[in-house]
């Protein structure tokens, strides 16, 4: 096993949080999971409270498509989360790691989740703030600069169909702390 940059916190440190693989998946795409949940609640409300309306089927289908794409994006962000986490374990909180994902809110969330899991959240959050990103910067920079990028195959692959990434280190923090001790 290669030498790890990551140093576990001192025994009894309060910043140590137990993360399971499921918690990692949820935290890496928190905004996307919230969008999915809100969309599914709206679909249920439309189904239950609207009897007959010509737009009911279109609304339900559109909501289903939004939820599906949000989950495809969440899966892609989880792959990036695992990759960023491996880089943070190997190299520490290098600015280049965080700068590479700064252009998208969802990618920033994945980086923040990875940094939070390893105790680098403050460094990551400060870098994004220093660059100029705030909570309300939701749209990716590429879409703001050139909206036609939405029509390219490269965008769809990079956003919704990122290949699976197999982490070199266990996803649970307890296993990382034991492996690096």
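Here are the numbers for this structure:
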item	result
Count of segment 153-164 residues which are part of a loop (DSSP other than H, G, I, E, B) and within 17 Å of residue 100 (Cα to Cα)	1
Residues (crowded, with 19+ Cβ neighbours inside 10 Å and not in a helix (DSSP H, G or I)) located in segment 103-133	104, 119, 120
Residue satisfying all of: in segment 86-95; farther than 17 Å from residue 128 by Cβ and in contact with a helix residue (DSSP H, G or I) (Cβ under 8 Å, 6 or more places away or on another chain); surrounded by the most Cβ atoms within 10 Å (Cβ to Cβ) among these	89
Residue in segment 45-61 that is under 26 Å from residue 170 (Cα atoms), free of Cβ contacts under 8 Å to residues at least 12 places away in the same chain and in a helix (DSSP H, G or I) present	no
Test: residue 26 is under 25 Å from residue 121 (Cα atoms) and modelled with pLDDT of 90 or more	yes
Positions within segment 138-152 being within 17 Å of residue 73 (Cα to Cα) and not in a helix (DSSP H, G or I), in sequence order	138, 139, 140, 152
Out of 98, 81, sole residue that is buried (at least 22 other Cβ atoms within 10 Å of the Cβ), over 28 Å from residue 38 (Cα atoms), modelled with pLDDT of 95 or more and touching a helix residue (DSSP H, G or I) at 6+ places or on another chain (Cβ under 6 Å)	98
Subset of segment 121-156 [under 17 Å from residue 110 (Cβ atoms), in contact (Cβ under 8 Å) with a residue 12 or more places away in the chain and in contact with a helix residue (DSSP H, G or I) (Cβ under 8 Å, 6 or more places away or on another chain)]	123, 124, 125, 127, 128, 131, 133, 137, 138, 139, 140, 142
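The values are calculated or read from the model by the stated rules, or taken from the named source; none is laboratory data. Remember, predicted model here, so these are calculated numbers, not experimental data. Positions of Cβ are backbone-derived with ideal geometry, glycine not excepted, and every protein chain shown enters the neighbour counts.
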